[in-house]
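Asks: Right, I'll just put the structure down here and ask away after.
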């Protein structure tokens, strides 16, 4: 039996921060970060979704949150023999990804989708089977670039949030994405993939 799934922001960060620098981080900061990301609530969702993974895990979380996903244009989803890049805006943060995993995983199968995500999200273990971790900085940057190239060359459907960050509140009270990075479009063209906006 798998051990209880639990996010521990302090443990996750300590693995990434060199030990000689850890002493400069005040202990209260880890607690504040845990509250900021709603660590306790996230851990409850992990428990609710356990032991499912990928789209089934996502469906359980959506049900727990009492969220119904309505899809407009589902009849236009490309068939599995067409390789595409789903490019999505990102207004709700993690909830956008959970909904897309539930919908696209059910349509194509978890084994046929790859979400390009910040490598920190690999700590959400039940979703690691559909995540392709990207670390744009440091020693892992070359490996991340190779993994991206491999994913684009594969038969898996690619899902990306081209802004790279969650949407922001802008002057005038509007919420919209930051500027989309165009590298995903170049990669799609190079690999003969259509782009499907979400």
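Asks: Check 90, 107 and return the single one that is touching a residue at least 24 places away in the same chain (Cβ under 8 Å) and assigned to a loop (DSSP other than H, G, I, E, B).
Replies: When all the criteria are applied, what remains is 90.
Asks: Also, I was wondering about something else. Suppose we filter segment 154-180 for residues that are in contact (Cβ under 8 Å) with a residue 12 or more places away in the chain, surrounded by 13 or more Cβ atoms within 10 Å (Cβ to Cβ) and at negative phi; how many remain?
Replies: Of the residues in that region, 14 qualify.
Asks: Separate question: Out of the residues in segment 157-184 meeting the condition of being in contact with a helix residue (DSSP H, G or I) (Cβ under 9 Å, 6 or more places away or on another chain) and part of a strand (DSSP E or B), tell me which one is modelled with the lowest pLDDT.
Replies: Here the answer is 160.
Asks: Sticking with this one: Taking the stated definitions as given, is residue 13 within 23 Å of residue 123 (Cα to Cα), without any contact (Cβ under 8 Å) to a residue 24 or more places away in the chain and surrounded by 11 or more Cβ atoms within 10 Å (Cβ to Cβ)?
Replies: On the way: within 23 Å of residue 123 (Cα to Cα): yes; without any contact (Cβ under 8 Å) to a residue 24 or more places away in the chain: yes; surrounded by 11 or more Cβ atoms within 10 Å (Cβ to Cβ): yes.
Answer is yes for this residue.
Asks: Look through segment 117-127, keep the residues that are free of Cβ contacts under 8 Å to residues at least 60 places away in the same chain and surrounded by 15 or more Cβ atoms within 10 Å (Cβ to Cβ), and return whichever of them is nearest to residue 155 (Cα to Cα).
Replies: Only one residue tops the list, namely 117.
Asks: Checking residue 44 against (1) loosely packed, with under 14 Cβ neighbours inside 10 Å; (2) outside any helix (DSSP H, G or I), only one condition comes out false. Which one?
Replies: Here residue 44 clears every test but (2).
Asks: Checking residue 100 against (1) assigned to a helix (DSSP H, G or I); (2) over 28 Å from residue 194 (Cβ atoms): exactly one of these is not met. Which one?
Replies: The failed condition is (2).
Asks: While we're here: Within segment 23-32, work out how many residues are farther than 13 Å from residue 13 by Cβ and either in a helix (DSSP H, G or I) or in contact with a helix residue (DSSP H, G or I) (Cβ under 7 Å, 6 or more places away or on another chain) (or both).
Replies: 1
Asks: Restricting attention to segment 78-102, and to residues there that are surrounded by 20 or more Cβ atoms within 10 Å (Cβ to Cβ) and closer than 25 Å to residue 5 by Cα, which single residue is modelled with the lowest pLDDT?
Replies: 97
Asks: Would you check if residue 132 is free of Cβ contacts under 8 Å to residues at least 40 places away in the same chain, under 18 Å from the mean Cα position of the chain (by Cα), buried (at least 17 other Cβ atoms within 10 Å of the Cβ) and part of a strand (DSSP E or B)? So that I can check it myself, show each step before the final result.
Replies: On the way: free of Cβ contacts under 8 Å to residues at least 40 places away in the same chain: yes; under 18 Å from the mean Cα position of the chain (by Cα): yes; buried (at least 17 other Cβ atoms within 10 Å of the Cβ): yes; part of a strand (DSSP E or B): yes.
Yes; evaluated as a whole, the condition is true for this residue.
Asks: Any residue in segment 53-64 that is over 15 Å from the mean Cα position of the chain (by Cα) and in a loop (DSSP other than H, G, I, E, B)?
Replies: Checking segment 53-64: not a single residue is over 15 Å from the mean Cα position of the chain (by Cα) and in a loop (DSSP other than H, G, I, E, B).
Asks: Ok, one more. Restricting to segment 43-56, name every residue that is within 15 Å of residue 6 (Cα to Cα) and touching a residue at least 24 places away in the same chain (Cβ under 8 Å).
Replies: 43, 46, 47, 49, 50, 51, 52, 53
Asks: Something else: Would you point out which residue out of 35, 60 is farther than 17 Å from residue 123 by Cβ, free of Cβ contacts under 8 Å to residues at least 24 places away in the same chain and touching a helix residue (DSSP H, G or I) at 6+ places or on another chain (Cβ under 7 Å)?
Replies: Going through 35, 60 in turn, the sole match is 60.
Asks: Sticking with this structure for a sec: Restricting to segment 135-156, and then to whatever is in contact with a helix residue (DSSP H, G or I) (Cβ under 6 Å, 6 or more places away or on another chain) and assigned to a loop (DSSP other than H, G, I, E, B), can you tell me which residue is modelled with the highest pLDDT?
Replies: Selected residue: 156.
The values are calculated or read from the model by the stated rules, or taken from the named source; none is laboratory data. Everything numeric in this text was worked out from a predicted model, so none of it was measured. Every residue, glycine among them, receives a Cβ derived from its backbone with ideal geometry; neighbour counts consider all protein chains shown.
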